[in-house]
Amino acid sequence: MNNHSYQVGEEILTETCSKKCSCKQLDFHCISASCNPGQECTVKQGKLGCHFRRGICTVTGDPHYFTFDGAVAHFQGTCAYEISKTCHPSLPFFYQVVAENRQRGHPRVSFVSQVEVWLENGTLNFHIFLRDGKTVEVHGSF
């Protein structure tokens, strides 16, 4: 493929990740392939493959949740939900994002009323509120 030499047992993806090819003893065989939802066909660390898109998570409206891996969830709960946080305790920083849903007129309908973000890095600490009505409030210590 592309006038390259491959080792026996080596597997490669085509340029668009639409085929996965492998080098057998005397044969080069390809099968259909595709990236999973939330992934894209890109080169990372010099190797072409299906990689997760850069981390973007969105919470919006009555409530729609779009996760880092591209999944979508719609539900009408009326609680505060932890959206994301630092998981590895050895990192030199901490963050946490919590979205709060409230009822909107009808008992079966809710909306994102507030998002809270905590950021901590040694002596810097911030607690940010993104409130309904597009109000932003920042509490911090240095």
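Laboratory data are not the source of any read-out in this text; all were calculated from the coordinates shown. The structure displayed is predicted, hence computed values, not measured ones. Here the Cβ is made from the backbone with ideal geometry for all residues, glycine too, and neighbour counts use every protein chain on show.
Tabulated data
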read-out: In Hz, Karplus ³J(HN,Hα) per residue of the range 43-52 (6.51, -1.76, 1.60; θ = phi - 60°; x = Gly, Pro); value: 9, 10, 6, x, 10, 6, x, 8, 10, 5
read-out: Extension gain (nm, one decimal) between F126 and Q103, 0.36 nm per residue minus Cα-Cα; value: 5.5 nm
read-out: Surrounding net charge for V98, when Lys and Arg each add one and Asp and Glu each subtract one, Cβ distance under 9 Å; value: -2
read-out: Pairwise label distance in nanometres, T60 with V138, each label 7 Å out on the Cα-Cβ vector; value: 2.4
read-out: Within-15-Å neighbourhood charge of T78 [Cβ basis; K, R +1; D, E -1]; value: 0
read-out: Partner aspartates and glutamates for K24 [C-alpha distance under 16 Å; skip if fewer than 8 residues away on the same chain]; value: E10, E11
read-out: Reachable lysines from K44, criterion Cα separation under 19 angstrom, eight or more residues apart if same chain; value: K19, K20
